[in-house]
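The values are calculated or read from the model by the stated rules, or taken from the named source; none is laboratory data. What you are looking at is a predicted structure, and each value in this text was computed from that prediction instead of being measured. Reconstructed Cβ throughout: ideal geometry from the backbone, glycine too, with neighbour counts over all protein chains shown.
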Amino acid sequence: MTEQVWRVSSDVACVQSADGDRVAVLHLEQHVPFILAGTAASVWNGLDGTRTEKELIEFLAREYATEAGTIHGDVMGLIHTLSSTGTITSSPRDEGAS
């Protein structure tokens with residue numbers, strides 16, 4: 001089974017604060033920007049096209065010193081919301097990536 005990774009859509013422009021704690025996101029076809037802050041910005045910053053959902057959740061759990069099961073629902077909810085609007089897209093993980 002091929003693992004899927006998430007990345008920002010090519011139709012999205014974003015700007016983040018110097019500390020990475022806030023991200024302004026604009027999908028060029030929707031014309032309405034939105035702001036992700038705090039943990040939502042951390043999820044966004046992790047959507048780099050190299051991590052699977054499981055790896056992203058495990059990474060965030062370590063960063064926030066919590067259990068992966070505790071944040072799983074919230075992370076997946078944000079991924080679902082962003083993917084349903086075309087803000088992020090999934091693709092098969094490149095061979096040899098880890």
Failed item, numbered, when Ile88 is tested on (1) touching a residue at least 24 places away in the same chain (Cβ under 8 Å); (2) over 19 Å from Glu3 (Cβ atoms); (3) touching a strand residue (DSSP E or B) at 6+ places or on another chain (Cβ under 6 Å): (2)
Qualifying residue in region 43-54 (condition: of a type in the set (D, E, K, R), surrounded by 15 or more Cβ atoms within 10 Å (Cβ to Cβ) and within 14 Å of the chain's Cα centre (by Cα)): yes
Strands (runs of 3 or more DSSP E) enclosed by region 6-98 - at least 2 residues per element that are at pLDDT 95 or above and touching an Asp or Glu at 6+ places or on another chain (Cβ under 8 Å): none
